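What follows is a single structure, written as C-alpha cells, with notes after it.
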Amino acid sequence: MSKMKGRSLISITDYTKEDILKILDLAEEFEKNPRQNILNGHVIASLFFEPSTRTRLSFESAVQYLGGRIVGFASADTSSVKKGESLKDTILTVSNYSDLIVMRNPLDGSARFASEVSPVPIINAGDGANQHPTQCLLDLYSIRKTQGQLENIEIAMVGDLKYGRTVHSLVQALSLFNAKFHFVSPESLKMPSSVKTVIKNAGLEYFQYTELSDVIPFTDILYMTRIQGERFPDPLEYEKVKNSYILTNSMLEGSKETMKVLHPLPRVNEITEDVDDNPKAYYFQQARNGVYVRQALIAAILGLK
Amino acid sequence: MNNKRTELKVSAIRNGTVIDHIPTESVFHVFKILNLDKTKNQVYFGTNLDSKKYGKKGIIKISDKYFEDEEINKIALVAPKATLIEIKDYDVIRKENVQLPEYVDKIVKCFNPKCVTNNQNVTTSFKVTRDHKGNMKLYCKYCEKTMSKENIEFV
Ligand SMILES: [Zn+2]
C-alpha cells in the first residue's frame, strides 16, 4: 500500500491499474470486516463547500466504522468561506487540525489546487463538473463484484453522456481493463470526443446508439444516468427524448442472466421503481460499496493498511 | 551575408534578437508574452510587411537581449511559424523556428469559467497536446478541460 501512502487522490487517472486493484482488494477486506479500530486517534476533515449528503455520509460512516473522528462542515454557508476566505487559506488552516482532508467543492480543478497547497493528503469528493474518483472506484468495485472480474466487460452507459462526470471517469478507468463500450444517448448529449480519444488511444472499441433497447440483450453492465432538462438548449427536444431513456422492469427481459443495472444515484425517474425488486438491480448495493471503497482509500492513504 | 540585409527590413540591430514571420495580428500578443511592453531595451517592430512565404507578416527586434528557449517558445502559441534569429555584431549567430513548449504556465487564461484558476488566486498551467487531426490543444492541469486555439486568451 506504500505507493498510495501520503498521496492525494484527485482524479482517477492519478491511479495506475495496479493502484486501483489494490484499493479494490482492500475494499473487499473491509466488506468482510467493516468495523476495525484502525483510525483510532486520527482526525479526518470533511470539507463540503457544497452540500452532497450522500457522499458526505458515505465518507463519514467509513471514518466512523474505523474509529476515526471527523471535523468539518457540510456546506459553505456555515463556514468561513462565506466570509470570503480563500480556498488556500481554508486548506492551510484545516490541515493543522487533521491527518487527511476529504473535500467537495463546486469549482472545477479546486481539488488539484488544494492538493498542491495542502501539507496533508486530499481526497477529492467531487470538484464541480470535473472528477469524483471515489464514485469511480465504487463503480469499479461493483462491476468486479457482480461480474467476477474487471477485464473484458461490455458496459452500456445511458443518458447524459456529455456532461456526466461519472461516466467520463468510468471510461478512463475501464480503458485500463479492456472494456467494450456502448453509449446510449440523445444526439445532443453524446459522449465528448476527448473521452472517445481515451478509448481509441487504449486501442479499444466503442459504439453509439440512440435506443436503449438496442444494448440490453448483450451488455454485462447497464449504467444508467440522469438526463436533466436544463441541459437541453431546446426544451422541445427534451420533451421528445425524456421518456426514451427510462428503464422499466419489462425491458430487462432477454438481458443476460448476470447483467446488473448500476446508477450513481440519486435517480429521478430514469429507472422505474418496479426495477428495484429485480435481482438485476444493483444500485443500492452499489452505494453501500462506496463505504468499503472509502475505508480502503483512507486506510491506504494514511498508511494503515 | 547579403540576404540578411534584405530580410531585416526594419532597421538592423547590432546585437540582440529578431523574431520574424509573426502573423501581423499576433505582433502585440508576442509583445505581451515576452513582456516587451515593460522592457528597458530598445524594441523595433513592423507589421503588414511583405513576406514571400506568408503574404503579410510582422517582425520584432529587441536590442541587446537574448531569450531562454523556454521563454521564446511560448510565442509559438500565437506565432507557430515564427523564426528566431540571434544577432551578434550584425551577424546571425543562430536561426531557428520556434517550437511549441510542453507546458504553458501563467500566460494563458483557462476558457472554463468554472475553473478554479478563474475564481481563486491560482496560476494557470496547461499541457500542450494535439488532437488526432494534429491540431494544437491546451489541457488545463486543474479543471482537466482541453481548449483549442480559438479559445486561447492571454492573462
Ligand atoms: Zn481550467
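Before moving on, here are some points about what is shown:
- Residue match in segment A:174-186 (condition: touching a Pro at 6+ places or on another chain (Cβ under 9 Å) and farther than 15 Å from residue A:247 by Cβ): no
- Residues being buried (at least 22 other Cβ atoms within 10 Å of the Cβ) and farther than 12 Å from residue A:102 by Cβ - total across segment A:31-65: 1
- Residue list for segment A:255-275, filter: at pLDDT 95 or above, surrounded by fewer than 19 Cβ atoms within 10 Å (Cβ to Cβ) and out of contact with any Phe, Trp or Tyr (no Cβ under 8 Å at 6 or more places or on another chain): A:257, A:258, A:272, A:273, A:274
Residues are listed down the side, and each one gets a yes or a no for (1) polar (S, T, N, Q); (2) within 14 Å of another protein chain (Cβ to nearest Cβ); (3) assigned to a loop (DSSP other than H, G, I, E, B):
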residue	(1), (2), (3)
A:60	no, no, no
A:63	no, no, no
A:89	no, yes, no
A:112	no, yes, no
A:129	no, yes, yes
A:134	yes, no, no
A:139	no, no, no
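- Qualifying residues in segment B:133-155 (those that are at the interface with chain A (Cβ under 7 Å from one of its Cβ atoms) and in a strand (DSSP E or B)) - the one farthest from the ligand (Cβ to nearest atom): B:146
- Qualifying residue in segment A:32-48 (condition: under 14 Å from the mean Cα position of the chain (by Cα) and under 24 Å from residue A:265 (Cα atoms)): no
- In the set A:72, A:84, only one residue is touching a Leu at 6+ places or on another chain (Cβ under 8 Å), among the small types (Gly, Ala, Ser) and assigned by TED's automatic domain parsing to the domain that holds residue A:125; that residue is A:72.
- Among the residues examined, residue A:237 qualifies as modelled with pLDDT under 95, among the acidic types (Asp, Glu), out of contact with any Asp or Glu (no Cβ under 8 Å at 6 or more places or on another chain) and outside the structural domain of residue A:32 (by TED's automatic domain parsing).
- Of all the residues in segment B:83-132, those that are among the β-branched types (Val, Ile, Thr), away from chain A (no Cβ under 14 Å) and either part of a strand (DSSP E or B) or within 12 Å of the ligand (Cβ to nearest atom) (or both) number 8.
- If you go through segment A:103-162 and keep only what is buried (at least 24 other Cβ atoms within 10 Å of the Cβ), over 17 Å from residue A:264 (Cβ atoms) and of a type in the set (S, T, N, Q), you end up with A:105, A:110.
- Scanning segment A:162-184 for residues that are at pLDDT below 95 and part of a loop (DSSP other than H, G, I, E, B) yields a count of 3.
- Taking the criterion of being surrounded by 19 or more Cβ atoms within 10 Å (Cβ to Cβ) and either without any contact (Cβ under 8 Å) to a residue 40 or more places away in the chain or under 13 Å from residue B:138 (Cβ atoms) (or both), the residues of segment B:67-97 that qualify are B:73, B:74, B:76, B:77, B:78.
- Search result, residues across segment B:44-58 that are closer than 17 Å to residue B:16 by Cβ and out of contact with any helix residue (DSSP H, G or I) (no Cβ under 8 Å at 6 or more places or on another chain): B:44, B:46
- Subset of segment A:163-217 (residues that are over 19 Å from residue A:260 (Cβ atoms), within 14 Å of chain B (Cβ to nearest Cβ), in contact (Cβ under 8 Å) with a residue 24 or more places away in the chain and not polar (S, T, N, Q)): A:163, A:165, A:168, A:192, A:195, A:198, A:199, A:202
- Cβ pairs under 8 Å, 6+ apart, first in segment A:256-272 and over 22 Å from residue A:150 (Cα atoms), second assigned to a loop (DSSP other than H, G, I, E, B) and among the polar types (S, T, N, Q): A:270/A:225; A:272/A:248
- Residue within segment B:114-121 that is modelled with pLDDT under 90 and not hydroxyl-bearing (Ser, Thr, Tyr) present: no
The values are calculated or read from the model by the stated rules, or taken from the named source; none is laboratory data. On a predicted model such as this, the values are computed, not experimentally measured, just so you know. Cβ: placed from backbone, ideal geometry, glycine included. Neighbour counts: every protein chain shown.
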